[in-house]
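What follows is a short report on a single structure.
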Amino acid sequence: MTCREFSDIIDSYLSGELLVETNHSVIRHLEQCRDCREILAVRRAIRERLSSAVRNTEESIIDSSFAARLRSDLRSKAVGPRFGPFAWQLFLTGAACVIMITLGSVLLLSDYGPMLTGVSVNLPEPAMTNPVTPDTMTKIVPAVLEEAAEDAIDDHFKCALFHDLPERPISLEAASITVDPVNEGFDKVVSEAIVAHLGKSAKVIAAHHCLINGRHFAHVVLLVNEKLVSILLTKVGDVGQQNDAALCTKKNEVAAACFGSNGYGIFVVSETEGESVNVAKWIGPAIRSHVSKRRSNV
Ligand SMILES: [Zn+2]
Ligand SMILES: [Zn+2]
């Protein structure tokens, strides 16, 4: 089995859908291929994160309305000892309902059946805010940035995760001569800004210039708490007023935060929206100054 063949069936492998013989060739390949082992670990982490995110969201939605009702029932009916027999009965019936509803919603994602062991019946406060509509979604992002963000996410998967680009990446130094001077030192600026905020929990594992869907990116790949984060810079043309870092788009279980600077778009792609936006905010000032310096040298 080749690395390419493995990357085509990685999802079926993780879902346990492969024939026994194919499974054996996968295992044989993984035993001797470190790259694919790393890709597999990242892919598995993404899937686990997704399933727990879905489960938490479903639970919170069910719990907050249900918990409010349950609490008022308990308050009005359970007079006497704090946890009298009747209150307990009511509570256990309620807890069973939460488990069953949650079970149903998790089973819909047939892939994630084994995750059921983590089902919790903790009842959050009724005042809890809705987790589905973060305020970052309401910010207006220029269309040129949104378009480029789609390519940035493609690049995060095809370049950083699967090393599956039609053209090999080149060094930032080479790209600064042949493509755009803004490439030079981009990795240094990113890594200094990141280390200042995250210290040892983040490290740069790759930095290069790559081409995807006809778009040139200066690309730095970070490992932050064992997860891959891509930081990408590309020319987008006029972005109007320089905008603050905000969530740009979400696709395939990852979120891209972005901001514009002097005709360039900068994108941070990670598994979670909050992390993407935070990293984009941290690197913002250093990258803005880098872009304006490198451009003024042209
Ligand atoms: Zn391989
Ligand atoms: Zn790349």
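Would it be correct to say that residue 179 is β-branched (Val, Ile, Thr) and either touching a strand residue (DSSP E or B) at 6+ places or on another chain (Cβ under 7 Å) or not assigned by TED's automatic domain parsing to the domain that holds residue 259 (or both)?
yes
Tallying residues that are more than 16 Å from ligand 2 (Cβ to nearest atom) and part of a strand (DSSP E or B) within the stretch 193-225 yields 3. May I ask you to list the residues in the stretch 5-18 that are closer than 12 Å to residue 39 by Cα and within 10 Å of ligand 1 (Cβ to nearest atom)? Result: 6, 7. Quick check on the stretch 227-236. Is at least one of its residues touching a Gly at 6+ places or on another chain (Cβ under 7 Å) and away from ligand 2 (no atom under 16 Å from the Cβ)? Within the stretch 227-236, one or more residues are touching a Gly at 6+ places or on another chain (Cβ under 7 Å) and away from ligand 2 (no atom under 16 Å from the Cβ).
The values are calculated or read from the model by the stated rules, or taken from the named source; none is laboratory data. All values reported here derive from a predicted model rather than from experimental measurement. Glycine also receives a Cβ, built like all others from the backbone with ideal geometry; neighbour counts cover every protein chain displayed.
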